Amino acid sequence: MEDLTNRMIEPELVGCFEDALTFGHIYAVYQPQINHSTGRMVGAEALMRWKHPIYGIQMPGDFIPVLEKNNLIYRADLHIFETVCRFQRKCLDEGISIIPISVNMSRYDIYNTNYVEEIEAIRKKYDIPVKFLRLEITESSAIGGRELITKVLRQLHDHGYTVEMDDFGSGYSSLNILKDLDVDVIKLDMAFLAGDIGGRGGTILGSIVQMTKWLNTPVIAEGVETMEQADYMLSTGCKYIQGYLYYKPLPEEEFLEKMIQLDHEPLTPGMHLIKTLDAGKFWDPNSMETLIFNNFVGGAAIFTYDEDSKELKILRVNRKYVKELGMNMSEHDIIGKDAWTGFDEKNKEKYLALLKRTVESGDEEMGETWRTVYSDCCGEDRICIRTYVREIGEAEKQHLFYAMVHNITAEKKIHEQMAEDEARYKFAFEQANVYAWEYTIATKEMRPCFRCMRDLGLPPLIKNYPEPVIENGVFPPDYADQYRDWHKQLEQGVESIEGIIPLTVGRVPFHVRYTLEKDENGRPLKAYGSATLVVDRKE
Ligand code: C2E
Ligand code: CA
Ligand code: CA
């Protein structure tokens, strides 16, 4: 924990600056950057700290403006750059796999014409591959003139550095500046959202994220403190998170531990250029499109298909989509994940054929496919989804689709069950004069055999059993309570029950039996019922 002690005033800071560099009072802490949908580390930012031996920790917000004002910042920044390189060298020497680290560049560093050459010299001295270093510049760097920043950017790119635009969206010229400046990564600060995800802040972020998509640039959301914020960012397509939600800036040793412990992955752009979609409206959380998407349509998703990689990637889903798929999943379980998970070859082919049809027809097409879904709470399940899909955008080998989904598993299962029942019961029971059914304890659902359906006109699935068969008179009123009680006993685990019950209005005596099936924990699962005609007894 960093605890702020006495704040130093400007002359004190300036006075001990040299010592602070020499004795390591100025050092770096590291804040990991995480892919919110995979939990892997994509990088870290080095943040400057100053711990005075007597006054204690000084915060960058206080001392950085002082260093800038006194033209000392470039030395402090170079010091941090060197600290990072030294750290990475140490790791590499110990065979530890390292992650790219971003170093902040003050806008005043831009004025220092040698700055890029100086960091290059440091990098070479420690022999760090350039892909492990990123530089963060701020929009305000452009204020000193576009030519200067453009030149520095070109120099950095010539040497192979990744350049990040820090605090994007804080200035006025945000949306224009991106077109002019060739940055590789964009960092958005959650502070600009100011707590109201649906409000004005959301609109700004929405349009920024949309804009950056068009420019094919990865986005990192900074200052993310809550799961809600992270999930919101993910739902707008921004999956990289740097903030207290995951990690506060960490001292070097702690950061080293995390770097070793977590899997690493590279930053990748959100999406390629899409021609036809009015993305601006779509990603804007206040737009009618978003409102409709979330509230007025059924389960819906936006996803891309890449012809080269054959990747199917879900960019956005609404709440009802998550519900349709069931299994208590969250949007976060779905977005960014490989959408082919759970598809077998046959169903994958079928789905691809559907996509091909809609691309060719330019119209909405429908298909039904099965997939396996998994969730921590419910385990594995196989579901059937009916998809209405339409292509809404295209860029080279990339296709953007809009899909409406309906979970039709229950429907399908009843049909399957019927076919199965028919085959299973038909032969065995037809001659034996046995009526059979299956009763599911938890759901109070009854599935009758084919013969029950035929002779008694029962539907393939009866809910709230046994009420409907009492109501329709198959079980007569004077036996109703006894029969209800049987089901209570089954629920309590009674293994078998039997008795003679006169069935139907004709009061034909039947020997009715139940046998209980339990799950591996001994809990009642299903009961198998049968009714055999009693031939030699009259009631
Ligand atoms: P920045 O570059 O935007 O750095 C992000 C700041 O947000 C850091 O503050 C970080 O500790 C803080 N932060 C991270 N996650 C969260 C969160 O979830 N919630 C909140 N409320 N804050 C979070 P820090 O370290 O105090 O740095 C402040 C600023 O000082 C930096 O903002 C940057 O502009 C400047 N700075 C820091 N280190 C350097 C450096 O080495 N060189 C230069 N030139 N400037 C630096
Ligand atoms: Ca920064
Ligand atoms: Ca920032």
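Read the figures in this text as sums done on the coordinates, not as results from a lab. Keep in mind the model is a prediction, meaning the values are calculated, not measured. Ideal geometry is used to build each Cβ from the backbone, glycine not excepted, and the neighbour counts take in all protein chains shown.
Amide H of T504 versus every other amide H placed in the peptide plane: which residues, excluding those fewer than 5 positions away on the same chain, fall under 5 Å?
F475
Neighbour counts of other C-beta atoms within 10 Å: give me I96, I383, I137 arranged from fewest to most.
Lowest to highest Cβ neighbour count: I96, I383, I137.
In sequence order, what are the phi-derived ³J(HN,Hα) couplings for the stretch 342-356 according to the Karplus relation 6.51 cos²θ - 1.76 cosθ + 1.60 with θ = phi - 60°, rounded to whole Hz, with x for glycine and proline?
With coefficients 6.51, -1.76 and 1.60, one gets x, 8, 8, 4, 4, 6, 5, 4, 4, 5, 4, 5, 5, 4, 4 Hz.
To the nearest 20 Debye, how big is the dipole of the stretch 1-135 about its Cα centre, given +1 on the beta carbon of each Lys and Arg and -1 on that of each Asp and Glu?
Taking the Cα centre of the stretch 1-135 as origin, the dipole is about 440 debye.
For the stretch 439-539, what class follows from the C-alpha gyration tensor (a ≥ b ≥ c being the square roots of its eigenvalues): rounded when a/c is under 1.5, otherwise prolate if a/b is larger than b/c, else oblate?
Details: a/c = 1.79, a/b = 1.45, b/c = 1.24.
In terms of gyration-tensor shape, prolate.
Taking H as built 1.01 Å from N, whose amide H comes closer than 5 Å to the amide H of V534, not counting residues under 5 places away?
Close amide H contacts, sequence-distant or interchain: F510, H511.
Can you classify the stretch 117-159 as rounded, prolate or oblate using the Cα gyration tensor, where a ≥ b ≥ c are the square roots of its eigenvalues, rounded means a/c under 1.5, and otherwise it's prolate if a/b beats b/c and oblate if not?
Verdict is prolate for the stretch 117-159.
Picking from P65, L47, V84, whose Cα lies most toward the positive end of the charge dipole for the stretch 2-143 (charges on Cβ: Lys, Arg +1; Asp, Glu -1)?
V84
Using a/c under 1.5 as the rounded threshold, could you call the stretch 58-165 rounded, prolate or oblate? The axes a ≥ b ≥ c are square roots of the C-alpha gyration tensor eigenvalues, and prolate needs a/b larger than b/c, oblate otherwise.
Here the stretch 58-165 falls in the oblate category.
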